[in-house]
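The values are calculated or read from the model by the stated rules, or taken from the named source; none is laboratory data. In this text, all values refer to a predicted model and were calculated from it rather than measured experimentally. Ideal geometry is used to build each Cβ from the backbone, glycine not excepted, and the neighbour counts take in all protein chains shown.
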Amino acid sequence: MVRLFAKEGKIPFELFIFGSGSLESEILELTATYKEIHFFGWKSREEIQRYVQNCQYCLMPSTFLETFGLSALTALTW
């Protein structure tokens, strides 16, 4: 997702990324190149909630086979 976002170049919205993992260094490089990509690392649920409340979209890509994610449902309640 991050690679696709960067590949498009200038897009009319910002991408906020929370969490940690093997792609951190790649994401940090992209934040230096693209001002629309923001990486926050691991944050508490309360901190993430403050951002999600002001978002128009909430993307939650996963490699886990899940038919309905509780994280997506939680984001809808905020």
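For segment 23-49: of the residues being within 14 Å of the chain's Cα centre (by Cα), within 18 Å of Glu8 (Cα to Cα) and aliphatic (A, V, I, L, M), which is surrounded by the fewest Cβ atoms within 10 Å (Cβ to Cβ)?
Among residues in segment 23-49 that are within 14 Å of the chain's Cα centre (by Cα), within 18 Å of Glu8 (Cα to Cα) and aliphatic (A, V, I, L, M), the one surrounded by the fewest Cβ atoms within 10 Å (Cβ to Cβ) is Leu28.
Would you pick out the residues in segment 28-53 that are modelled with pLDDT of 90 or more and aromatic (Phe, Trp, Tyr)?
Once the filter is applied, which keeps residues that are modelled with pLDDT of 90 or more and aromatic (Phe, Trp, Tyr), segment 28-53 yields Phe39, Phe40, Trp42.
All but one of (1) among the small types (Gly, Ala, Ser); (2) at pLDDT 85 or above; (3) more than 12 Å from the chain's Cα centre (by Cα); (4) farther than 23 Å from Glu8 by Cβ hold for Ala75, so report the exception by its number.
(2)
Checking Leu59 against (1) among the aliphatic types (A, V, I, L, M); (2) surrounded by 14 or more Cβ atoms within 10 Å (Cβ to Cβ); (3) within 11 Å of the chain's Cα centre (by Cα), which single condition isn't satisfied?
Of (1) among the aliphatic types (A, V, I, L, M); (2) surrounded by 14 or more Cβ atoms within 10 Å (Cβ to Cβ); (3) within 11 Å of the chain's Cα centre (by Cα), only one is false for Leu59: (2).
Please give the number of the condition Ser44 fails out of (1) free of Cβ contacts under 8 Å to residues at least 12 places away in the same chain; (2) farther than 22 Å from Thr74 by Cβ.
So the condition that Ser44 fails would be (2).
Which of the residues belonging to segment 1-22 are among the basic types (Lys, Arg) and either surrounded by 13 or more Cβ atoms within 10 Å (Cβ to Cβ) or in contact (Cβ under 8 Å) with a residue 60 or more places away in the chain (or both)?
none
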